[in-house]
Amino acid sequence: MKRYLLLFLLLATANTILSAQKENNTLSGYIRDGSNGETLIGANVYILEAATGTTTNEYGFYSISMPPGQYTVQYSYIGFDNQSRTIDLSTNQKVDIEMGLDATELTEVVISSEAPNSNISSNEMSVNKLDIGTIEKMPTLLGEVEVLRSIQLLPGVSSVGEGASGFNVRGGSIDQNLVILDEAPVYNSSHLFGFFSVFNPDAVKDVKLYKGGIPSRYGGRLSSILDVRMKEGNSKQLALNGGIGAIFSRLSVEAPIVKDKASFIVAGRRSYIDVLAQPFLNDDLEGSVLNFYDLTLKTNYNINEKNRLFLSGYFGRDNFGFGESAGFNWGNSTMTLRWNHLFSDKLFFNLTSYFSDYDYRIAFGDDATNRFDWNARILNYSIEPEFTWFINPQNHVRFGGQSILYKFEPGNAVGVSEGESTDISVSDKYALESAIYIENEQTVSDQLSLNYGLRLSHFNYMGAGNKYTFGEASEIGFRRPLTDIESFDQWESIETYLNLEPRFSLKYQMATDRSIKLSYNRMAQYIHLISNTAASTPVDIWTPTTNNIKPQIADQVAVGYFQNLKDNAYELSAELYYKRMDNLIDYIDGADLLLNELLEGDVLAGEGRAYGLELMARKNEGKFSGWLSYTLAKTERLVEGINNDEWYPSRFDQTHNLSMTGFYEMNNRWTFSANFVLNSGTPTTFATSRVYQQGYIIPINTDNARNNTRIPLYHRLDISATLEGKKNAQRRWQGQWVFSIYNVYAKRNPFSIYTRQVDGGTTEAVRLSVIGNFIPSVSYNFSF
């Protein structure tokens, strides 16, 4: 069946290509910001006479083919002056455009920099694009600009609580989100246990979240793709940006290496909580470390009109050290090398190679004779060639492939007691994930457009290592006994999997201001996060699909209605989705997840389902702008041996999720903004009975129910005011003060609730709140 589907898609694409081979000429080029040379993603190119157009790709390139003739071409991008060119297409033409900022630019804040009606006319659904300018004006904790917290204000996106790392999308766990920075995966996207993201806003150019209708060029996760693109660096002149905040400061430098040909950007941040605390620490804690830092860098070089190179990297770390006796740190490192090449005006090629490394280290002990050291990591090496063929205005075909080599180090642990060393390390694991894909974005008529594609993925679990075989458990939900061990040499296949992942989306435009959309995608995920906590922790470990752990599979279908009002001043959308998931990971009661060579014997496989309604209303124009989003959803799991083999709510299930974000531009210097969130409490498991024995209360869950109650409602209000410095055309230095209050009315939102014994036979419920008061802050941002 898989080969027939692939053959059908290839034949359909070939037929489209052959039917499109007419005597057309091609208009192509790059669209850039005239002030700094940055390419513009999603800029619009529209040919008036043909009433058709296209948009720039991720690298600012566009291409459109038309019959020979003279055309009026309009170039547009939100916040920039429109440009109109009369172009003679008697031959192929290459036209690069530099767009200037709109002198009468509206002060309103918008969620996206795309065309005003792109939500109606685009094939994309279940996709949100946040403009970095919008993110910078939203209220945040301690006044620091936050990418991950910003996307949690969008429909379908949630978190299990205050300070939780990662995010959840449409019923998926946090490891089911692929977070990529310049195409390299970031495995822990948070600093300080989830309070701040690893993305420096001064280096971020574009943020795009795919929740459904995911194109076939993306794969590897079930629930979402968060695609973060970095700036390329100012190719016109030296530019400085930075900020001084309550707990950390940041600085970025960008400049041309060769004007309009090569440039760079370097952006760094560091917290200084430990520096401020040093005078107040006693002797035992002297020398303690409590900080995080990150360094983001990128450079690019235009070799010639047909070739361009990009090199980008990220290096970040969190450090916690308590005197000389204990320490804990973790961090990400990525490096991406990309080569853009134009084979012709219609054929764009990009070759990406990246390296990604996430690791953590734990050490404690007073001296070399009594100590414990533990480190773990996941390493990736990848290469991905991709072609984009702009056949004609009706068909854009992408095709390519990817290979990712994984090395998993679940735990290198050595304990030393009285000088004697004990190695309790877990064996390394290796895997190779590969895929080929093809997709076509096709305009069938003025009303109907499609995006369809296939992704064929392959996973090879390899040696060197052991293949463990387990027998049946004595009882469902108990540990499975080990029955056999087989050794494999380096790169020898232990187990392989093959999955065909079809993708499809459809847009029918009922009128210029309204459309309906439909999408379906199947996703396969071959790596898994091993964690039994509600929120991820830095010491959670990643493991590959093996002979005992199957790849996770998800099928999602979504349908949506989109409408704009008053010439795109207001946007309304409603989406319904249903997602079915197989081979989800869970664990037996009492599972040993850390430093366990036989972990696979403690793993259970289950099913999942998630469905819901997402509503969003947005105001784009006027002194007041913002959006309101609401999600009504249900997320459930079914695992044999858990909850009496019945469906139960997942730990991150939230029935209601409401958020409001507003901006008020009082004048050209003062901007006020506010966020309000109101969420249902997440499920948790409480004991249904207890036993009193020898002075101790032992809680018992007599009906074996999982997640049988909920934490109370979560709600929070944040506000901020931004004061822009006085504008002076003769002065390049621009300053900005940001005043904010997080959790304005000091709500003690519970992260978890547990019971504890007070005295005798008495117990009490304890509410754990990560933030229990309002937090005011002042920060200063500057640019030069």
| message | With the structure loaded, tell me whether Tyr754 is surrounded by 15 or more Cβ atoms within 10 Å (Cβ to Cβ), under 22 Å from Ser165 (Cβ atoms) and of a type outside the set (Lys, Arg) or whether it fails that test. | response | no
| task | Would you confirm whether any residue within region 570-585 is β-branched (Val, Ile, Thr), touching a residue at least 60 places away in the same chain (Cβ under 8 Å) and closer than 30 Å to Asp428 by Cα? | result | no
| query | Within region 344-369, can you find the residues that are touching a Ser or Thr at 6+ places or on another chain (Cβ under 6 Å) and in contact (Cβ under 8 Å) with a residue 40 or more places away in the chain? | reply | Asp345, Lys346, Phe348, Tyr354, Ser356, Asp366
| Can you name every residue in region 495-518 that is open to solvent by less than 50 Å² (accessible area, probe 1.4 Å), out of contact with any Lys or Arg (no Cβ under 6 Å at 6 or more places or on another chain) and not aromatic (Phe, Trp, Tyr)? | Asn499, Arg503, Ser505, Leu506, Gln509, Ala511, Asp513
| field | Thr661 being more than 30 Å from Lys137 (Cα to Cα) and β-branched (Val, Ile, Thr) | value | no
| message | Restricting to region 55-71, count the residues that are open to solvent by less than 20 Å² (accessible area, probe 1.4 Å), hydroxyl-bearing (Ser, Thr, Tyr) and over 16 Å from Ile41 (Cα atoms). | response | 1
| query | For region 121-135, how many residues meet the condition of being at pLDDT 85 or above, part of a loop (DSSP other than H, G, I, E, B) and either open to solvent by 20 Å² or more (accessible area, probe 1.4 Å) or not hydroxyl-bearing (Ser, Thr, Tyr) (or both)? | reply | 4
| said: Given (1) open to solvent by 30 Å² or more (accessible area, probe 1.4 Å); (2) over 22 Å from Val160 (Cα atoms); (3) touching a residue at least 12 places away in the same chain (Cβ under 8 Å), identify the lone condition not met by Tyr611. | reply: (2)
| request: List every residue pair whose Cβ atoms sit under 9 Å apart, with the two residues 6 or more apart in sequence or on different chains, where the first one lies in region 236-247 and is touching a residue at least 12 places away in the same chain (Cβ under 8 Å) and in a loop (DSSP other than H, G, I, E, B) and the second, anywhere, is β-branched (Val, Ile, Thr) and buried (at least 19 other Cβ atoms within 10 Å of the Cβ). | output: Leu238/Val253; Gly245/Val738
| task | Would you confirm whether any residue within region 582-595 is over 25 Å from Phe328 (Cα atoms), touching a strand residue (DSSP E or B) at 6+ places or on another chain (Cβ under 7 Å) and in a loop (DSSP other than H, G, I, E, B)? | result | yes
| Tally of residues being of a type in the set (Lys, Arg), assigned to a strand (DSSP E or B) and farther than 14 Å from Tyr578 by Cβ across region 607-626 | 2
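Here is a yes/no grid of residues against (1) buried (at least 16 other Cβ atoms within 10 Å of the Cβ); (2) under 21 Å from the mean Cα position of the chain (by Cα); (3) assigned to a loop (DSSP other than H, G, I, E, B):
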{"position": "Ile476", "(1), (2), (3)": "no, no, yes"}
{"position": "Arg480", "(1), (2), (3)": "yes, no, yes"}
{"position": "Thr483", "(1), (2), (3)": "no, no, no"}
{"position": "Trp491", "(1), (2), (3)": "no, no, yes"}
{"position": "Tyr520", "(1), (2), (3)": "yes, yes, no"}
{"position": "His528", "(1), (2), (3)": "yes, yes, no"}
{"position": "Glu571", "(1), (2), (3)": "yes, no, no"}
| request: Could you tell me which numbered condition Gly760 fails, if it satisfies all but one of (1) at negative phi; (2) at pLDDT below 90; (3) of a type in the set (Gly, Ala, Ser)? | output: (1)
| task | Tell me, please, whether a residue that is open to solvent by less than 60 Å² (accessible area, probe 1.4 Å), closer than 30 Å to Asn521 by Cα and not β-branched (Val, Ile, Thr) can be found in region 408-420. | result | yes
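Residues checked against (1) open to solvent by less than 10 Å² (accessible area, probe 1.4 Å); (2) assigned to a strand (DSSP E or B):
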site	(1), (2)
Ile214	yes, no
Leu222	yes, no
Arg229	no, yes
Asp260	no, no
| field | Residue that is least open to solvent (accessible area, probe 1.4 Å), among those in region 364-386 that are under 30 Å from Ser493 (Cα atoms) and of a type in the set (Phe, Trp, Tyr) | value | Trp374
| Restricting attention to region 552-565, does a residue exist that is at pLDDT 90 or above, open to solvent by less than 30 Å² (accessible area, probe 1.4 Å) and hydroxyl-bearing (Ser, Thr, Tyr)? | no
| query | Looking at region 726-748, which of the residues that are closer than 18 Å to Asn668 by Cα and among the aliphatic types (A, V, I, L, M) is surrounded by the fewest Cβ atoms within 10 Å (Cβ to Cβ)? | reply | Ala729
| task | Please specify each residue of region 437-472 satisfying the condition of being surrounded by fewer than 16 Cβ atoms within 10 Å (Cβ to Cβ), farther than 30 Å from Thr55 by Cβ and small (Gly, Ala, Ser). | result | Ala464, Gly471
| field | So Glu441, is it modelled with pLDDT under 95, in a strand (DSSP E or B) and of a type in the set (D, E, K, R) | value | yes
| query | For region 671-725, which residues satisfy the criterion of being open to solvent by 70 Å² or more (accessible area, probe 1.4 Å), out of contact with any Lys or Arg (no Cβ under 9 Å at 6 or more places or on another chain) and of a type in the set (A, V, I, L, M)? | reply | Leu713
| request: For region 322-341, name all the residues that are open to solvent by 10 Å² or more (accessible area, probe 1.4 Å) and either over 19 Å from the mean Cα position of the chain (by Cα) or of a type in the set (Val, Ile, Thr) (or both). | output: Phe322, Gly323, Glu324, Ser325, Ala326, Gly327, Phe328, Asn329, Leu337, Trp339, His341
| From the residues in region 167-193 that are touching a helix residue (DSSP H, G or I) at 6+ places or on another chain (Cβ under 7 Å) and part of a loop (DSSP other than H, G, I, E, B), which one is nearest to Ser271 (Cα to Cα)? | Ser189
| note | Result of the Cβ filter at 6 Å on region 466-493, keeping first residues that are on the phi < 0 side of the Ramachandran plot and partners that are part of a strand (DSSP E or B) and of a type in the set (Asp, Glu), at least 6 apart or interchain, is Lys467/Glu486; Thr469/Asp484
| How many residues, within region 297-321, are free of Cβ contacts under 8 Å to residues at least 40 places away in the same chain, closer than 25 Å to Phe248 by Cα and either of a type in the set (D, E, K, R) or surrounded by fewer than 16 Cβ atoms within 10 Å (Cβ to Cβ) (or both)? | 1
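The values are calculated or read from the model by the stated rules, or taken from the named source; none is laboratory data. As the structure is a prediction and not an experimental result, all values here were calculated from the model. Glycine also receives a Cβ, built like all others from the backbone with ideal geometry; neighbour counts cover every protein chain displayed. For the accessible areas, the whole protein counts, side chains as well, though only heavy atoms, and no ligand, DNA or RNA atoms are used. Shrake-Rupley method; radii C 1.70, N 1.55, O 1.52, S 1.80 Å.
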